[in-house]
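So the structure is just underneath, and the comments pick up after that.
The values are calculated or read from the model by the stated rules, or taken from the named source; none is laboratory data. All of these numbers come straight from a predicted model, not from anything done at the bench. No Cβ is skipped: glycine too gets one built from the backbone with ideal geometry, and neighbour counts run over all protein chains shown. The protein model used for the area step is the full one, side chains on, heavy atoms only, and it has no ligands, DNA or RNA in it. Shrake-Rupley method; radii C 1.70, N 1.55, O 1.52, S 1.80 Å.
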Amino acid sequence: MYNDKTGFFGIHGIDNLIGEGLTYGSQIMIKGKSGVGKSVLASQFVKETMACRDNCIYVCCDESPKEMRSYLKQYGLHPLPYEEAGRLIFIDAYSLEPTGKNYFSSEDGLEKYLSLEKKVIENMQNGYRTRIVVDSLSTLFLGRDQQEIMEFHRYRLKLLKKLNIIAMDLMVDEVLDESMFKLSAHLYDVIINMYYAGTLERPIRALHLGKMKSGKFDSSQLFYSIDPNIGLIITQNLAS
Amino acid sequence: MSKEEFLFKYLNSVLLGVSQLSDTVPMGGKNYLEITCDNSFEKMFDQYKNSFNPASNEAIDLCRAWIAMMEDERFCDKNDYEFNNEGDFVKITVNKANCFYNEYCIEAREKNLPVVCPRMLSCRWIATKFSGRQYQLTTEEFSDTNRCMGAIYPEETISEILSVEGDNITFAGERAIVLSTHAYGILIKTIYNYAPHLLERVLFESTYYSSLAQYERIKNNFKNNHDTLEHLLRTIERLGNIRYEIVEYDELNMRAVIRGYNSYMAAIFKDNDLLNTPKTSCASGRGRLAAYFSGAWGEEIVCEEVKCEAFGDDYCEFILLPKRL
């Protein structure tokens, strides 16, 4: 089915489960332990975003933009032409020293982050739709109090919805406590929980997909592997 | 009109007809025309070879003997030809005033059809036949002067016409098959149904490696990278895959922008319901261009498709740049 009103992940298996796709303004949370493949999924999402000719803002909190660029190249997307065209912008929230106008220091308040994100979105007025990936949002929350986080979270997601931006926020399990995840979860339209299944000796990667609000589709568990050139490959669909 | 004049007029019409045909058959073009002419030179030579007496098997002597043989049969005047050795090249100058191919030559150029100079081409043919080396012909831009200039030089011939050999069709010496876009679409759809995550990779890599081999086969036949790439892109166009246009070419900084029109791949993606949303789809086009430019520029070049007919754009647009950047 051909649909230009909604967006997809660019990962077969997951895209099948979201039916007609994500409406612009949807919010996605990707949750999982370090190394489970969240940034790989995000790379494929960026590749899909570029192929659909949307804009993408990629907020690098856990790795530098340079490392993220090489990830993208590995999965078959050279970011340079898109950066030159102003369709792909990296926000550096990783480096210790300022690296340019799109730099955010972890010492600054979340309000400052909001203002930077807003400014970058406003500057991307080129007629294309926009998606934003924060890798990972949980890092941005480190050392901040719960109330500040929740206020920021609600305001930001409302704003992104109003602007019809698809937002993908990555969250690392170990960084935030479980109560924070539970509080945050209801703010998202789609949650993907990535984890290791199987045994300790033979761990298998799996993900669990659920849509929290509309209930248009059921939660499903998918097993996947990570190919060094392709990215996430859904190997078995155990949809209930 | 004398009988001779009528025959020359007819000869020009036949050549023009072959040019028109060669422009429409897959993998036709100039190569097709050259092979047609070579076959006729062979026929002529067989009939008059008793008067062919070259001083040596050097290309220049073979050319002179060939023209002398034709003069014996009153088919031309050897004073209309001038041959000079310049290294491996034999420079040829032909007096245009007495050329009875003028009518064909002018009309074919006006109609933008493939055109060859049968007089100079016959020199290439005779040199190739007896020197033990393959020769190519290069001709200078047609001008209003009374002379045509060209040169033959030793180089492998590029055989790339689609021809029938026994039960098989061959292309560039290899057995070929002709697949309708409908049949190819079903093949692609089947891969998509069973392994959708592999489709892009399969299309990209299969075209990348076959295109790299194609580049390797012909890379020594052209004087510079741009000409080699132009030739390769025209070949793909003549196969009916996609018509390419080089919009930007900066070899020094390794950057190029190529546009593609009427992409068969974009059509296949649209026609076979392979897209859940409009997106750039020409993975095989990216693979082909990445291979050609990697070969030509001597380092790994990547290709990004930033516009696509499958998206509803007027053309597909590809940006080539080094992976290391």
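Of all residues in the range A:3-21, those that are surrounded by fewer than 21 Cβ atoms within 10 Å (Cβ to Cβ), outside any loop (DSSP other than H, G, I, E, B) and more than 8 Å from chain B (Cβ to nearest Cβ) total 2. Among residues of the range B:289-325 being within 22 Å of A:Thr49 (Cα to Cα) and part of a loop (DSSP other than H, G, I, E, B), the one that is modelled with the lowest pLDDT is B:Gly312.
Does A:Tyr103 meet the test of being more than 18 Å from the chain's Cα centre (by Cα) and among the aromatic types (Phe, Trp, Tyr)? When the stated conditions are applied, A:Tyr103 passes them. For A:Val46, the requirement of being among the aliphatic types (A, V, I, L, M) and within 12 Å of the chain's Cα centre (by Cα) is met. Is it true that some residue in the range B:70-87 is at pLDDT below 95, in a helix (DSSP H, G or I) and open to solvent by less than 40 Å² (accessible area, probe 1.4 Å)? Within the range B:70-87, one or more residues are at pLDDT below 95, in a helix (DSSP H, G or I) and open to solvent by less than 40 Å² (accessible area, probe 1.4 Å). The listed residues are A:Ile91, A:Ile165, and the only one of them that is of a type outside the set (Gly, Ala, Ser), within 12 Å of A:Cys60 (Cα to Cα) and under 15 Å from the mean Cα position of the chain (by Cα) turns out to be A:Ile91. Scanning the range B:265-288 for residues that are in a helix (DSSP H, G or I), touching a Phe, Trp or Tyr at 6+ places or on another chain (Cβ under 7 Å) and facing chain A (nearest Cβ under 10 Å) yields a count of 2. Contact map, the range B:162-178: first residue modelled with pLDDT of 80 or more, second residue open to solvent by less than 50 Å² (accessible area, probe 1.4 Å) and hydroxyl-bearing (Ser, Thr, Tyr), Cβ cut-off under 7 Å, separation 6 or more or different chains; pairs are B:Thr170/B:Ser163; B:Ala176/B:Thr170. Report whether or not B:Lys219 is more than 14 Å from chain A (Cβ to nearest Cβ), open to solvent by 60 Å² or more (accessible area, probe 1.4 Å) and part of a helix (DSSP H, G or I). In short, yes.
Is at least one residue of the range B:226-239 open to solvent by less than 40 Å² (accessible area, probe 1.4 Å), among the acidic types (Asp, Glu) and either more than 14 Å from chain A (Cβ to nearest Cβ) or assigned to a helix (DSSP H, G or I) (or both)? No. Can you work out which of the residues in the range A:136-145 that are part of a helix (DSSP H, G or I) and in contact (Cβ under 8 Å) with a residue 40 or more places away in the chain is farthest from A:Ser106 (Cα to Cα)? In this case the residue turns out to be A:Leu137.
Scan the range A:69-90 and tell me whether some residue there is within 27 Å of A:Gln221 (Cβ to Cβ) and in contact with a strand residue (DSSP E or B) (Cβ under 7 Å, 6 or more places away or on another chain). There is at least one residue in the range A:69-90 that is within 27 Å of A:Gln221 (Cβ to Cβ) and in contact with a strand residue (DSSP E or B) (Cβ under 7 Å, 6 or more places away or on another chain).
A quick yes/no check of all residues on (1) at positive phi; (2) at pLDDT below 95; (3) surrounded by 13 or more Cβ atoms within 10 Å (Cβ to Cβ); (4) not in a loop (DSSP other than H, G, I, E, B):
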site	(1), (2), (3), (4)
A:Ile91	no, no, yes, yes
A:Glu107	no, yes, no, no
A:Asn126	no, yes, no, no
A:Val134	no, no, yes, yes
A:Gln147	no, yes, no, yes
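For the range A:69-83, a residue qualifies if it is within 9 Å of chain B (Cβ to nearest Cβ) and open to solvent by 30 Å² or more (accessible area, probe 1.4 Å), and the qualifying residues are A:Lys73, A:Leu80. When the residues of the range B:247-259 are filtered to those that are of a type in the set (A, V, I, L, M) and either open to solvent by less than 40 Å² (accessible area, probe 1.4 Å) or part of a loop (DSSP other than H, G, I, E, B) (or both), the one that is nearest to the other protein chains (Cβ to nearest Cβ) is B:Val257. Residue under question is B:Asn262, and the condition is that it be among the polar types (S, T, N, Q) and buried (at least 16 other Cβ atoms within 10 Å of the Cβ); does it hold? Taking the combined requirement at face value, the residue does not satisfy it.
Residue under question is B:Ser51, and the condition is that it be surrounded by 12 or more Cβ atoms within 10 Å (Cβ to Cβ) and either at pLDDT 90 or above or of a type outside the set (A, V, I, L, M) (or both); does it hold? Taking the combined requirement at face value, the residue satisfies it. Scanning the range B:91-113 for residues that are in contact with a helix residue (DSSP H, G or I) (Cβ under 6 Å, 6 or more places away or on another chain) and open to solvent by less than 20 Å² (accessible area, probe 1.4 Å) returns B:Ile92, B:Val94, B:Tyr104, B:Ala108. Tell me yes or no: at least one residue of the range B:305-312 is more than 14 Å from chain A (Cβ to nearest Cβ), surrounded by 14 or more Cβ atoms within 10 Å (Cβ to Cβ) and not aliphatic (A, V, I, L, M). No, the range B:305-312 contains no residue that is more than 14 Å from chain A (Cβ to nearest Cβ), surrounded by 14 or more Cβ atoms within 10 Å (Cβ to Cβ) and not aliphatic (A, V, I, L, M). Only one entry of A:Lys66, A:Lys38 meets the criterion of being more than 11 Å from every other protein chain (Cβ to nearest Cβ), of a type in the set (D, E, K, R), open to solvent by 10 Å² or more (accessible area, probe 1.4 Å) and within 18 Å of A:Arg131 (Cα to Cα), and that entry is A:Lys38.
Note on the range A:25-46: residues that are in contact (Cβ under 8 Å) with a residue 60 or more places away in the chain and out of contact with any helix residue (DSSP H, G or I) (no Cβ under 7 Å at 6 or more places or on another chain) amount to 12.
Could you tell me how many of the residues in the range A:170-211 are among the charged types (D, E, K, R) and surrounded by 13 or more Cβ atoms within 10 Å (Cβ to Cβ)?
Qualifying residue count for the region: 4.
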